[in-house]
1. Name, by its number, the condition in (1) β-branched (V, I, T); (2) within 14 Å of chain B (Cβ to nearest Cβ); (3) assigned to a strand (DSSP E or B) that does not hold for A:I142.
2. So in region A:177-203, with the set limited to residues that are within 18 Å of A:G132 (Cβ to Cβ) and within 14 Å of chain B (Cβ to nearest Cβ), which one is surrounded by the most Cβ atoms within 10 Å (Cβ to Cβ)?
3. When only residues in region A:125-139 that are in contact with a Phe, Trp or Tyr (Cβ under 9 Å, 6 or more places away or on another chain) and of a type in the set (S, T, Y) count, which is nearest to the other protein chains (Cβ to nearest Cβ)?
4. Counting only residues that are under 21 Å from B:A125 (Cα atoms), small (G, A, S) and either in contact (Cβ under 8 Å) with a residue 40 or more places away in the chain or in contact with a Pro (Cβ under 8 Å, 6 or more places away or on another chain) (or both), how many does region B:47-94 have?
5. Among B:W91, B:W40, which is the only one that is within 24 Å of B:S230 (Cα to Cα) and of a type outside the set (K, R)?
6. Please enumerate the residues belonging to region A:145-176 that are among the aromatic types (F, W, Y) and within 14 Å of another protein chain (Cβ to nearest Cβ).
7. Of the residues in region A:28-61, how many are under 30 Å from A:H111 (Cα atoms) and either exposed (fewer than 13 other Cβ atoms within 10 Å of the Cβ) or at pLDDT below 85 (or both)?
8. Run down B:I185, B:I214, B:I206 and say which single residue is surrounded by 24 or more Cβ atoms within 10 Å (Cβ to Cβ) and either more than 19 Å from B:V253 (Cβ to Cβ) or touching a His at 6+ places or on another chain (Cβ under 9 Å) (or both).
Amino acid sequence: MTIEGFDRRELLAKCAALGSLTMVASLTMPDVFAAWEEQAKSRRPTPWNEVGPFYKRGAPNNAHLRADGDPGLPVIVSGRVFDTRGDALPGATIEIWHADHHGRYDIDGYHYRSSLVAADSGKYQFDSVMPGHYPSRVCQHIHYLVSAPGHKSLTTQLYFATDPVFDGDPAHNYARDPLIQNPDLIRPVMLQGDPKAIVAAVSFEIVLERL
Amino acid sequence: MILFACALALSAPSPITTVFIASNGKIAAGFSRDHKLRVWALPDNRLLSTIDVAGRQIATTALSNDGRKFVLADYNNDLTIWDASTGSVVWHEHLEHYPLSAAFSRDDRFLGLGFGSSFRIIDIASHKTVLTATDSQAGVVGIAFSRDGARIATAEGNASVRVRDAKSGAVLAENRDFLLEPLAIDFSADGRQVIAGGGDGVLVFIDAATGKTIRRSSKLPNAVFDLKVSQDGRELAVLTLDANNLGAPSPIVVLDATSLQEMARASTDEMLGGAWTVDGHLVAAKRAGDGVQLVRLR
């Protein structure tokens, strides 16, 4: 979007609505436009969720976690890593781990554990299987530990809107899992591909706070 | 001095599900299925108070060493401290996040709370926060105070252990020799070592001054979820649980702290809680019908 697309009054109105201006009298158009662009690009930090248990150091850099024959619905998770100003964070480290289809963590090895590095655009992607339920947790989830230089590390968890626990209404029923304090962590699931080889696709953007 | 020489029975109108035993051996507290926390004086089993915790989804709990204070934090981020003997609320705070861990200092003057990226120390008398450290990368999942109160050890979610000055919060030593995050932590009796263990079932003994690993135990039967050093420092009680089936029976192992030889073993089957008491015994609460029996394991 360019400055030419707005007149000053219109731009000021947009900035005021975004809360990006407190004093406008002496601002030039480029100043106002820059403030609007900055606010429009800014992102809220991804909500925190507790780390564990069973985080394991040293996971391999492996984006393909699902081995042939692994039971469970195939899942592809992708997203980008940003900071709160909306700048992509290439090189961010994204450690993920989750239980298998039966709800069991690999404590001895590194099955369903990976340490990824965000690409130049901040993008990351991995394929795995939908984690199963297990008794001490209510909902299916994937753990994340994300870090980038100059930014606060984040532990969080990704949940799935298709989880039967939510009865089809995660916005209202997310509190059924007491660990879910923010429904933004529950992500829609798109089923893709041939009906004989369905894959669940989930998008999960990560936003880190600057130190 | 022996606090109680024979098994004691505690009962409640509803089945007891979890038991806390004060290290002075004079107080026991237990949650029941009727959403009440009951507090008894030992050894006469006199019911001191009944605290209603209905509607509280419990995240973290702690009983002070003298049994006078009970702390509960829930997933609504509410923290309550009760006078255990009267059941009256002495402090309530709505937190930004629920704590992942809680522990009293040995003298019960301070309460340490571990959070997702920080920990706090609260002065129990004034309820003021006397220290906040916000440099935990992945959360403080376990806390222990040294017996002299001068240092704090934290088990960190990124598979490390830190030893800090209890007044300033400055990190004095750090150990990153863990593969899996340590879930349990305690100081040796002399404060020179920190012992921690986690999902891989191995205890790591750390020099508290340098952070270096001194030695490791052999692998225990299951993941280490709790460990406590005895009053005289000679033994360790280690609670193990099957990482993938927390409800299954699993060994509670007592080790000689020097030789790491196994001195005793019990099962978590029907066990609802336990503690080392100041007279040197390891007391456990064993389910007995709807109530519990307090028995000495060591």
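1. So A:I142 meets the others, but not (2).
2. For region A:177-203, the residue satisfying everything is A:I180.
3. Looking at residues that are in contact with a Phe, Trp or Tyr (Cβ under 9 Å, 6 or more places away or on another chain) and of a type in the set (S, T, Y), I get A:Y134.
4. Looking only at that region, the number is 7.
5. B:W40
6. A:Y174, the sole residue that qualifies.
7. 5
8. Result of the check over B:I185, B:I214, B:I206: B:I206.
The values are calculated or read from the model by the stated rules, or taken from the named source; none is laboratory data. Because the structure is a prediction, the values reported are computed rather than measured. With ideal geometry, Cβ positions are generated from the backbone for all residues, glycine too; neighbour counts draw on all protein chains shown.
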